[in-house]
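Report on the following structure.
Read the figures in this text as sums done on the coordinates, not as results from a lab. All figures in this text were calculated on a predicted structure; none of them were measured in a lab. All Cβ positions, even for glycine, are placed from backbone atoms using ideal geometry, and neighbour counts span all protein chains on display.
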Amino acid sequence: MRRRGTERQQVDLTASNIMASVATEQAQDRVDILGIPVDRFTFDQTLEVIDRFVREKTPRIAVTADSSAIVAAQSDPEFREVLLRADLVTADSAGIRWAARRKGMPIVERVSGVDLVDALCARSADHGYRIFFLGAAAGVAEMAAEALRLKHPGCNIVGTRHGFFPAESDEVVASEIAPYRPDILFVAMGIPRQEKFIARALPIIQAPVSMGVGGSFDVFSGKVKRAPRLFQRFNLEWLWRLMLNPKKFSKVKALPKFVLAVLREES
Ligand code: UDP
């Protein structure tokens, strides 16, 4: 039995090595969206790239970018700088996929922060990854962690912390997180705050992967309902979020700006 288990492990490892090298070869396969390079990986390839980052242990930044992030980067040099130095930028919106398609470099599927948190928590159970949740209102990250521990037994979330503190405290908060030695640090404080935190915290925490994941903890804690499948299927997740929280209008306003900028760039 034991031997068979070892053989199976070897087969799995080989398969994952092949996938990782496929993903590595495609590492330069990015599409430029308004000056921001976005990776064209599928969801599974993205997971393989993240696995590789964790194995290599070099601190890296991952961004789940939507159209509002690309718009924000046009007028926020600090945020833009983080996007340009990020090791992985996933396409977390239909808008980005639309723009990529217009450039003749389609992105096969959306790679969202919520789905990555879920899938990487499942992998944590298999591979023992140490995960830290930073962000959202007091208690929400812990509720999200509890829900994910139940969903993926063995999921190794080693610590949680709320995300309401001033930017001047970034280094102090990073020093509090560093002793947890996370392999993956999820930061759910909204764009661009979370990416700026990640850039400041990187040399202190040195997590192999630090990723901004927006409102993901609100979703897993049950505080916010994820859009029904029908809304997701028709790329109307933004409309659902707007219906639940009209304060999100500033984010929705970014969409026409994004579309206009992409069309202007073409002409
Ligand atoms: N948040 C936080 N600290 C702040 C501001 C916001 O932790 O200073 C949290 C907020 O509670 C929410 C998340 O950041 O859980 C932002 O979610 P949103 O859906 O707005 O993210 P985005 O649309 O940028 O992906």
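Give me Ile131, Ile36 ranked fewest to most by other Cβ atoms within 10 Å of their Cβ, as a rough exposure proxy.
Least to most surrounded, the residues fall as Ile36, Ile131.
From Cα pairs below 8 angstrom and at least 6 apart in sequence, can you work out the relative contact order of the stretch 159-225, rounded to a whole percent?
35 percent
When Leu230, Leu134, Leu116, Leu244 are ordered from fewest to most other Cβ atoms inside 10 Å of their Cβ, what list results?
Leu230, Leu244, Leu116, Leu134
Below 8 Å between Cα atoms, with a sequence gap of 6+, how large is the relative contact order for the chain in percent?
20 percent
If I model a spin label at Lys151 and Lys253 as a point 7 Å from the Cα along the Cα→Cβ vector, what separation in nanometres do I get?
Spacing of the two 7 Å Cα→Cβ label points: 3.3 nm.
With charges only on Cβ, +1 for K and R and -1 for D and E, what is the dipole size of the stretch 142-233 about its Cα centre, in debye, rounded to 20?
So the dipole magnitude of the stretch 142-233 works out to roughly 580 debye.
Can you sort Phe43, Phe186 so the residue with the fewest Cβ neighbours within 10 Å comes first?
In increasing order of surrounding Cβ atoms, one gets Phe43, Phe186.
If amide H atoms are built 1.01 Å from N in the plane of the peptide, which residues on other chains or at least 5 residues away come under 5 Å of the amide H of Ile107?
Arg101
Under unit Cβ charges (Lys, Arg +1; Asp, Glu -1), what dipole magnitude, rounded to 20 debye, does the chain have relative to its Cα centre?
680 debye
In whole angstrom, and with the biggest value first, how far do the Cα coordinates of the chain range along each principal axis?
Here the spans come out as 62, 41, 38 Å, largest first.
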